[in-house]
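The structure appears right after this line, and notes come after that.
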Amino acid sequence: MTEPLDRMTLTLTVNGRTIKVAVHPMARLLDILREEIGLTGTKEGCGEGECGACTVLMNGVPVLACLTPACQVDGAEVVTVEGLAKETLHPIQQAFLEEGGAQCGICTPGMLISAFYYLEHPECAENLREALAGNQCRCTGYTKIFSSVRKAAERLGKTIPEV
Amino acid sequence: MPEASLLDFSVFNPRRLDEALSLLAEEENVVPLAGGTDLMVTLETGNLSPCRFLNLMGIAEFQEPFSWCDGKLRMSPLCSYRDTRIDKDVATRYPLLVRAAREVGVLAIQSRGTWAGNIVNASPAADGVPVLMVYDAEVELRSTSGTRTVPLCDFYRGYKEMDRASDELVTGIILPPPPEDRIEYFRKVAPRRLQAITKVLLTGYLLRSDDRIEDCRIVLGSVAPFTLRARETESILRGSVLDSETIKAARAALQGEISPIDDIRSTAMYRRNVAERLLDEFLLSASPESH
Ligand SMILES: Cc1cc2nc3c(=O)[nH]c(=O)nc-3n(C[C@H](O)[C@H](O)[C@H](O)COP(=O)(O)OP(=O)(O)OC[C@H]3O[C@@H](n4cnc5c(N)ncnc54)[C@H](O)[C@@H]3O)c2cc1C
Ligand code: FES
Ligand code: FES
C-alpha cells in the first residue's frame, strides 16, 4: 500500500540555480523561498492570495507563492525578485527607483514580477491595470507604479496600451 | 480556531489515474488537490480538518488541457483559466469561457485555478460554473467502480451539496458544440473589475429566428444556494416573440426562481434588482432592433 508523504525532497531551479530541499509536501513555496533558501525578497502580505506581495514566476508564469504547495513545485523553474537584476538593476527596478514607484516596499517585489511578466508578454492582459490588478499597494496610490512601468516599457522598446 | 499544523496533513502524489482512483477508494479522508487556490486558503486560515491530499498535478492522463472528440470539447480536470485564455480554438468556439476566465481573480489566480476545482468547490458565487452551464457542460466522474456523466445543471443539490460520491474524481468536463448564430451575454457585477467576489452574475445565450426566440440559456450566480440555471425564465422565453410583453413575463419568472440572501457582500434586494436589470440588458441586446 502507498503511504502518504509528510516529507519530500524537491529539486527546483531558483533564479537559475538548481537546489534540493527537504520539506513538508504542503509547505508553501513562499516559506521554501524565504526560510529554506534564504531569499527573503518575496514578501508575505496576506497569506491568502489577495495581495500579490508573494508573486513569483513558476515555469515562466506568475503564481502566488503563498498558495503554491511544495508537492506542486518539484522540478519547477522559479524566478523571484532577486532574479531580475543581473550586473545592474533591471530597467523596471531602475524606473521604480527614479519614479518613486516604491515607498514602504512590501508590494514592490510582487509588483516588479508582475510588471516584468507583462512587459515580456503584453498580450496576457488588456492593459497594465489588468496585469497589476492582483498586486495591492497601500502606499503609492498606484500612479507612480504605473508611470514607473511605462518608463521601463519605453526603455525596453515595448509598446503597451494607453489605459 | 487554532491554526492547523502541517503535521495533520499528508500528500499522495499519484502518477496515473488508476492509482489515484484506488487511493480515493481505499484510503480514508482523501481530498483531491488541483490548483489549490481554494484549498490553500482554507488550509492557511485553519479551516481544514486533518486530511490526506491527493495531488492531481502529476497525473499523466490529465496533462493536456483540451482535447476534441466528435465535435465536443473535453476539458481536463487540470485545465486552468489561463489555459483557456490562451487557446485560440476554444476562444473562437466557446467565447464565454474566455469572458469568464478573464474575470476569475487575477492572472496569478488564473494560472493555477482550475474549472474542475471551481465546480467541486461549489460556491454559489463561482464565476467558472455559470458559463459551463450555459454551454450544457457534462461532468465526467470516475471511481474504481466505473465512469458516469452528469449534466452540470443537475449536479448541485443544495448549498455545497452535489452529486459526487467521496470516491469519485472529476475526470473531465465535456462541452457539446453550441448552436451557430446565438447571441451571447456575460456580466459579472462585483465591487471591482478584478480580484472581487461576485454580487450577481448573469450569463446566457439566445437564438432567434426573426423576432421569435428559438432557444436560450440563462444562468445566474450568487442569487441562490448554488449556481442557478433559470429554467422557468428560459421556458417563458422559448418560442415567444421577443417584445416588451415577453420581457416583462421573463422578469417575473426570474424573480420567482431566484432566492438571493443578505450577506457581507450585498443584500437580497440589491441582488434582485440587479439580476432583473442584467436580464433586461441581455434581452434588449438580443432583440431585433439591436442587430
Ligand atoms: C485571491 C483569490 C481570488 C479568487 N477569485 C475568484 C473569482 O473571481 N471567481 C471564482 O469563481 N473563484 C475565485 N477564486 C476561487 C478559486 O480560484 C476557484 O474556485 C478555482 O477555480 C479553484 O480551482 P483550484 O484548482 O485552485 O481548486 P482546489 O483548491 O485545488 O480545489 C477546490 C475544491 O475542488 C476539489 N477538486 C479539485 N479538483 C477536483 C477533481 N478533479 N475531482 C474532485 N474534486 C476536485 C478539491 O478537493 C476542493 O474541494 C479565488 C481564489 C483566490 C484565492
Ligand atoms: S501573501 Fe500571497 S497573495 Fe498575499
Ligand atoms: S509601497 Fe508600500 S505597499 Fe506599495
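3J(HN,Hα) couplings calculated from phi for the stretch B:186-195 with the Karplus curve 6.51 cos²θ - 1.76 cosθ + 1.60 (θ = phi - 60°) are, in sequence order, 8, 8, 9, 9, 8, x, 9, 6, 10, 6 Hz; Gly and Pro show x. Close amide-amide hydrogen proximity is noted between residue B:53 and B:10, B:11, B:12, B:31, each under 5 Å apart and 5 or more residues distant or on a separate chain (H modeled in the peptide plane; Pro and chain starts excluded). Per-residue Karplus couplings for the stretch B:64-70, computed as 6.51 cos²θ - 1.76 cosθ + 1.60 with θ equal to phi - 60°, are listed in order as 7, x, 10, 9, 10, 8, 6 Hz, Gly and Pro entered as x. With the simple model of a label 7 Å out from the Cα in the direction of the Cβ, residue B:180 to residue B:64 spans 2.7 nm.
Between the amide H of residue A:53 and those of A:45, A:46, A:136, distances stay under 5 Å, these residues lying 5 or more places away or on another chain, with hydrogens modeled in the peptide plane.
For the stretch A:109-123, putting each phi into the Karplus relation 6.51 cos²θ - 1.76 cosθ + 1.60 with θ = phi - 60° gives couplings of x, x, 4, 5, 5, 5, 5, 4, 4, 5, 5, 6, 9, x, 6 Hz, in residue order, rounded to whole numbers and with x for Gly and Pro. Could you tell me which residue out of B:110, B:37, B:48 lies farthest along the dipole of the stretch B:1-136 toward its positive end? Charges go on the beta carbon: Lys and Arg +1, Asp and Glu -1, centred on the Cα centre. The Cα lying farthest towards the positive end belongs to B:110.
Here each label is just a point 7 Å from Cα along the line to Cβ, and for residue A:104 and residue B:28 those points are 4.5 nm apart. Amide H contacts under 5 Å for residue B:80: none, restricted to partners 5 or more places along the chain or on a different chain, H placed in the peptide plane at 1.01 Å from N.
Peptide B:17-28 has a mean of 1 when you count, residue by residue, the C-beta atoms of other protein chains within 10 Å of its C-beta. Short to long, the 10 Å bins of the Cα pair-distance histogram for the stretch A:8-83 hold 22, 62, 16 percent of all pairs. Dipole check for chain B: with +1 at the C-beta of Lys and Arg, -1 at the C-beta of Asp and Glu, and the Cα centre as origin, the magnitude is about 740 Debye.
Take every Cα pair under 8 Å whose residues are at least 6 apart in sequence, average their separation, divide by the length of the stretch A:91-155, and the relative contact order is 54 percent. Each of B:162, A:90, B:283 was placed along the dipole of the protein assembly as shown (beta-carbon charges, centred on the mean Cα), and the one lying farthest toward the positive end is A:90. To the nearest 0.05, how large is the calculated FRET efficiency for residue A:40 and residue B:238 if R₀ is 60 Å and r is the Cβ-Cβ distance? Efficiency for this residue pair is about 0.50. In this structure residue A:23 has an accessible area near 10 Å², from a 1.4 Å probe over the protein heavy atoms.
The values are calculated or read from the model by the stated rules, or taken from the named source; none is laboratory data. No experiment lies behind these values; they were computed from the predicted model shown. Quick reminder, even Gly has a Cβ in these numbers, built from the backbone with ideal geometry, and neighbours come from all protein chains shown. Ligands, DNA and RNA are stripped out before the accessible areas are found, and what is left, the full protein with its side chains, is counted by its heavy atoms. Shrake-Rupley method; radii C 1.70, N 1.55, O 1.52, S 1.80 Å.
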